[in-house]
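Structure first, then comments.
The values are calculated or read from the model by the stated rules, or taken from the named source; none is laboratory data. Bear in mind that the values here come from a model prediction, so they are computed numbers and not experimental data. Here the Cβ is made from the backbone with ideal geometry for all residues, glycine too, and neighbour counts use every protein chain on show.
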Amino acid sequence: MNETPDPIIIRAATRGDARAIAEILVEDWQIAYRGIIDDAYLDAMSVEERCRREAQRYRQYVVAERGGEVLGFTWNELAGGEAADCEIVALYVRYAMRGRGIGKALFRHAAETFRAAGRKRMIVWYLKGNAAAGRFYEKMGGTPGPAGTHPWGSREYEMLSRLYLLDGDTP
């Protein structure tokens with residue numbers, strides 16, 4: 001018997017999603033950023049501390065769920081900067097669920113939401129050493145954007161970006 005999996009549902013986060021968001025974020029950072037961000041910073045990350053933080057700002061997130069389980073999330077901002085007028089601030093998918101279209105669905109949902117709000121240029125920033133993120137965002141189209149830095153812990157880390165024109169046929 002061939003069972004069809006439940007569809008991915010993209011929806012606004014609720015306060016009840018804060019723990020799942022925190023778990024995804026901490027797991028993703030501790031796996032994906034190992035060797036990029038200082039180990040001491042990554043090892044000090046706590047799901048409990050992140051849960052308290054995410055419970056305060058859950059309204060900023062959109063989640064992807066399947067069968068009632070939160071599998072990923074984005075933080076989307078209608079403001080950008082000099083290079084863009086909107087931004088995907090964060091996009092994370094449960095590490096074991098990568099490669100199943102969840103990130104792509106979240107990315108496209110963000111682009112459509114921005115497009116519907118009249119935005120024209122979207123930016124996404126990612127850590128320079130994060131090759132998987134670089135490949136993902138390149139597959140989603142766009143062009144290389146500006147570089148910069150961002151502080152975590154006691155260090156500044158190099159960041160890269162990609163820009164997406166929302167009035168065309170991509171993403």
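Take ARG53 and decide whether it is farther than 25 Å from GLU158 by Cβ and of a type outside the set (A, V, I, L, M, F, W, C).
So ARG53 fails the test.
Search the range 120-141 for residues that are on the phi < 0 side of the Ramachandran plot and pair each with any residue that is basic (Lys, Arg) when their beta-carbon atoms are under 6 Å apart and the residues are at least 6 apart or on different chains.
VAL124/ARG162; TYR137/ARG162
Here are some conditions: (1) in contact (Cβ under 8 Å) with a residue 12 or more places away in the chain; (2) part of a helix (DSSP H, G or I); (3) not aliphatic (A, V, I, L, M). GLN56 meets all but one. Which one does it not meet?
Failed condition: (1).
List pairs: first residue in the range 152-165 and over 18 Å from ALA90 (Cβ atoms), second residue acidic (Asp, Glu) and surrounded by 12 or more Cβ atoms within 10 Å (Cβ to Cβ) anywhere in the structure, Cβ distance under 9 angstrom, at least six positions apart or on different chains.
SER154/ASP38; ARG155/ASP38
Among the residues of the range 133-171, how many are exposed (fewer than 12 other Cβ atoms within 10 Å of the Cβ) and in a helix (DSSP H, G or I)?
1
Looking at the range 85-109, which of the residues that are touching a residue at least 12 places away in the same chain (Cβ under 8 Å) and of a type in the set (Gly, Ala, Ser) is nearest to TRP125 (Cα to Cα)?
For the range 85-109, the residue satisfying everything is ALA90.
Going residue by residue through the range 61-84, is there one that turns out to be assigned to a loop (DSSP other than H, G, I, E, B), over 14 Å from the mean Cα position of the chain (by Cα), crowded, with 19+ Cβ neighbours inside 10 Å and in contact (Cβ under 8 Å) with a residue 12 or more places away in the chain?
yes
Given the options ALA96, ALA117, name the one that is out of contact with any Asp or Glu (no Cβ under 6 Å at 6 or more places or on another chain), surrounded by fewer than 20 Cβ atoms within 10 Å (Cβ to Cβ) and either at pLDDT 95 or above or under 17 Å from VAL62 (Cβ atoms) (or both).
Numbers: ALA96 fails: either at pLDDT 95 or above or under 17 Å from VAL62 (Cβ atoms) (or both).
Just a single option satisfies the conditions, and that option is ALA117.
How many residues does the range 99-112 hold that are modelled with pLDDT under 95 and either in a helix (DSSP H, G or I) or among the β-branched types (Val, Ile, Thr) (or both)?
Qualifying residue count, the range 99-112: 0.
Which residues, counting only those in the range 1-45, are small (Gly, Ala, Ser), outside any helix (DSSP H, G or I) and touching a residue at least 40 places away in the same chain (Cβ under 8 Å)?
The answer is ALA12, ALA13, GLY35.
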